[in-house]
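Have a look at the structure below, then the notes.
The values are calculated or read from the model by the stated rules, or taken from the named source; none is laboratory data. Small disclaimer: the values here were computed from a predicted structure and weren't measured. Cβ placement follows ideal geometry from the backbone for every residue including glycine, while neighbour counts extend to all protein chains displayed. The protein model used for the area step is the full one, side chains on, heavy atoms only, and it has no ligands, DNA or RNA in it. Shrake-Rupley method; radii C 1.70, N 1.55, O 1.52, S 1.80 Å.
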Amino acid sequence: MGRNWPKTLAVSGGVLAAGAVAALTLNGLTGDGQDGEDGGHGGHGTDDRAGASRTPGPPPPTGPARLGPAPSAIPSVRDWQPVRGPGWKPTKWTRVVAARASLADEAKLLAGELKVPVSKGPARTGDVELKTSGEAGKGGREAYTLKSGKGRITVSGASDTGVFYGTRTLIQTYRAQGRFADGTVEDAPDRPQRGFSLDIARKHFSADWIEDRIREMGDLKLNQLQLHLSDDQAFRIESDTHPEVVSDQHLTKDQIRRIVKLAASRHIAVIPEIDSPGHLGAVLKAHPDLQLRSASGNVARGAIDISKPKAAKIVDDLLGEYADLFPGRYWHLGGDEYQALMTENPSRSYPGLAAKARSAHGGAADIQDLATAWLNDRAETVRKHGKVPQVWNDGMHRDGTVKPSKGREVAYWTGKEIGARQPEEYLKEGWKVLNLNDEYLYYVLGQPNDFTYPTGERIYEQWTPAVLRGTKPVPSKWAGSDRIPGARFAVWGDLAHAQTTEQVAKGIRMPLKATAQKIWNPSKPKLSWPEFTALADKVE
């Protein structure tokens, strides 16, 4: 700390994103008792004891009245207006002041990081005051304003989420600079969905490892954690309705509750994914009678026989069982790589499915229609629990007798599958399309099938949310947040033993930071890649 400031400042500009953005609401949750969240650093706690108001007041700030440096944060702030002054840094009188009970989590976390007490106020010189307005402006409910002046910081937002993001900018800047310059930050994300997707089915990741990533995500202002819970290799979550499908290494429901609670304290929603009708090998191991087989008797890896009512019941049982465990808005249903649709002639290879399609949906229907109807039914199951379904793009088929039901979002990951559809097709049809472009955002363990580990530099310099497939963006008329609401960086465990979990954490560190930067603000970054990597070391 205590780094010398330059005498002048290159002011960062930017225009705040217009339009409302979706926000996560948090009420009455407490921290997880780590990272200073217990307020117990050095004996610091609340400052509401009797007589506290009679203690001598803090002196005014001292120092030269000059323009200090712009905030140091990842993602960088959208707009910074400096004023002359000595800036703010914590003193022995500093408190984090939050009058509203809903900001208790944010105040407790920041106070622990700064090693100062929490108070209900009123705010005074030296304090950091957190407050909400309750009204979303042009930046939406995730926007915030941070004002520094006269030795005091005020972080305000339309919601607790915006205030939390302001505290992340403050703490990162303090770590990097030792103080916060006088001026005003106006900041808001360009996209409402900003996330990280983790395959815990093919590779087991401990609850502690996941919680560490949640803390990392919170500092980066990411707001979604997608957990791929089941696949051919394993089913990684405790189940009461179907305990027979659960793998030996799995997360208990209590561990999930802790993960969800910690995520909520960082304004992150946890999105579960139980993929079907493909990638169900772990379920089929316990239910071999539901295994899809071709006309020649060959096993279709991971594919469940969607012509059998029992298949739908098992999947719906699991979806219903976990609905309350994951209280967020979204649910990912998978839908990708169903082996029956990945052959040259599906109807000839799987005549039983073709016959079921015709009997259920008319003489012109085929297996694609049966698969579409399957996903429609699963979407209806989660909608009954108040969820918005999301599905992989190769579960959304072209033409067909049965159409995909509305009220879902498309997660676009590849254009390499059989019958590949360009992302523009989904956008023209009116779907919201999430960006999980496997060219940039897929960290596939072992690098099979021509995958290579993505680099943060490539994401930082080349990718934006509009680059949905390959390296070229979609036309600008479809590139806005109303059509492409966001993106997720993804880790997949195809060759699970290729890296340890520690190596994964190290390998995704800079790619995740670069992704967070470009989802928050897709514009060309002001810092060079070497400057960005140097900043990353300072703000952690």
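Within the stretch 396-408, not a single residue is open to solvent by 10 Å² or more (accessible area, probe 1.4 Å), in contact (Cβ under 8 Å) with a residue 24 or more places away in the chain and either of a type in the set (Asp, Glu) or in a helix (DSSP H, G or I) (or both). Among the residues making up the stretch 176-231, a single one is of a type in the set (Gly, Ala, Ser) and open to solvent by 20 Å² or more (accessible area, probe 1.4 Å): SER206.
Residues in the stretch 518-528 that are touching a residue at least 60 places away in the same chain (Cβ under 8 Å) and either open to solvent by 30 Å² or more (accessible area, probe 1.4 Å) or part of a loop (DSSP other than H, G, I, E, B) (or both): ASN521, PRO522, SER523, PRO525, LYS526, LEU527.
Scanning the stretch 56-77 for residues being touching a Ser or Thr at 6+ places or on another chain (Cβ under 8 Å) and either closer than 27 Å to SER133 by Cβ or charged (D, E, K, R) (or both) gives a total of 8.
Which residues, counting only those in the stretch 178-215, are aromatic (Phe, Trp, Tyr), under 19 Å from LEU441 (Cβ atoms) and either assigned to a strand (DSSP E or B) or free of Cβ contacts under 8 Å to residues at least 60 places away in the same chain (or both)?
Of everything in the stretch 178-215, just one residue is aromatic (Phe, Trp, Tyr), under 19 Å from LEU441 (Cβ atoms) and either assigned to a strand (DSSP E or B) or free of Cβ contacts under 8 Å to residues at least 60 places away in the same chain (or both), namely PHE196.
Yes/no matrix, rows are residues, columns are (1) more than 12 Å from ASN437 (Cα to Cα); (2) open to solvent by less than 30 Å² (accessible area, probe 1.4 Å); (3) modelled with pLDDT under 95; (4) in contact with an Asp or Glu (Cβ under 7 Å, 6 or more places away or on another chain):
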{"residue": "LEU468", "(1), (2), (3), (4)": "no, yes, no, no"}
{"residue": "PRO485", "(1), (2), (3), (4)": "yes, yes, no, no"}
{"residue": "LYS506", "(1), (2), (3), (4)": "yes, no, no, no"}
{"residue": "ALA516", "(1), (2), (3), (4)": "yes, yes, no, no"}
{"residue": "PRO530", "(1), (2), (3), (4)": "yes, no, no, no"}
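Scanning the stretch 236-260 for residues that are surrounded by 17 or more Cβ atoms within 10 Å (Cβ to Cβ) and touching a Gly at 6+ places or on another chain (Cβ under 9 Å) gives a single hit, VAL260. Note on the stretch 325-346: residues that are assigned to a loop (DSSP other than H, G, I, E, B) and surrounded by fewer than 24 Cβ atoms within 10 Å (Cβ to Cβ) amount to 11. Can you confirm whether the stretch 277-288 contains a residue that is closer than 29 Å to THR343 by Cα, without any contact (Cβ under 8 Å) to a residue 12 or more places away in the chain and surrounded by fewer than 20 Cβ atoms within 10 Å (Cβ to Cβ)? Checking the stretch 277-288: at least one residue is closer than 29 Å to THR343 by Cα, without any contact (Cβ under 8 Å) to a residue 12 or more places away in the chain and surrounded by fewer than 20 Cβ atoms within 10 Å (Cβ to Cβ). Cβ-Cβ contacts under 6 Å between residues 6 or more apart (or on different chains), taken from a first residue in the stretch 64-76 that is free of Cβ contacts under 8 Å to residues at least 40 places away in the same chain to a second residue that is open to solvent by less than 50 Å² (accessible area, probe 1.4 Å), are listed as ALA65/GLY85. Of the residues making up the stretch 479-502, those that are closer than 18 Å to THR414 by Cα and either in contact (Cβ under 8 Å) with a residue 60 or more places away in the chain or not in a loop (DSSP other than H, G, I, E, B) (or both) are ILE484, PRO485, GLY486, ALA487, ARG488, PHE489, ALA490, VAL491, TRP492, GLY493, ASP494. Would you confirm, using the coordinates I've provided, whether LEU512 is more than 14 Å from MET217 (Cβ to Cβ), touching a Leu at 6+ places or on another chain (Cβ under 8 Å) and surrounded by 14 or more Cβ atoms within 10 Å (Cβ to Cβ)? Here the answer is no, as LEU512 does not meet what is asked.
Table: residues versus (1) in contact with a Cys (Cβ under 8 Å, 6 or more places away or on another chain); (2) open to solvent by less than 40 Å² (accessible area, probe 1.4 Å); (3) assigned to a strand (DSSP E or B); (4) at pLDDT 95 or above.
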| residue | (1), (2), (3), (4) |
| --- | --- |
| SER72 | no, yes, no, yes |
| TRP80 | no, yes, yes, yes |
| THR94 | no, yes, no, yes |
| ALA107 | no, yes, no, yes |
| LEU130 | no, yes, yes, yes |
| GLY134 | no, no, no, no |
| SER148 | no, yes, yes, yes |
| VAL155 | no, yes, yes, yes |
| LEU170 | no, yes, no, yes |
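Of all residues in the stretch 368-378, none satisfies being more than 21 Å from SER405 (Cβ to Cβ) and either of a type in the set (Asp, Glu) or over 24 Å from the mean Cα position of the chain (by Cα) (or both).
Filtering LEU353, LEU319 for residues that are at pLDDT 95 or above, open to solvent by less than 10 Å² (accessible area, probe 1.4 Å) and more than 21 Å from LYS403 (Cβ to Cβ) leaves a single hit, LEU319.
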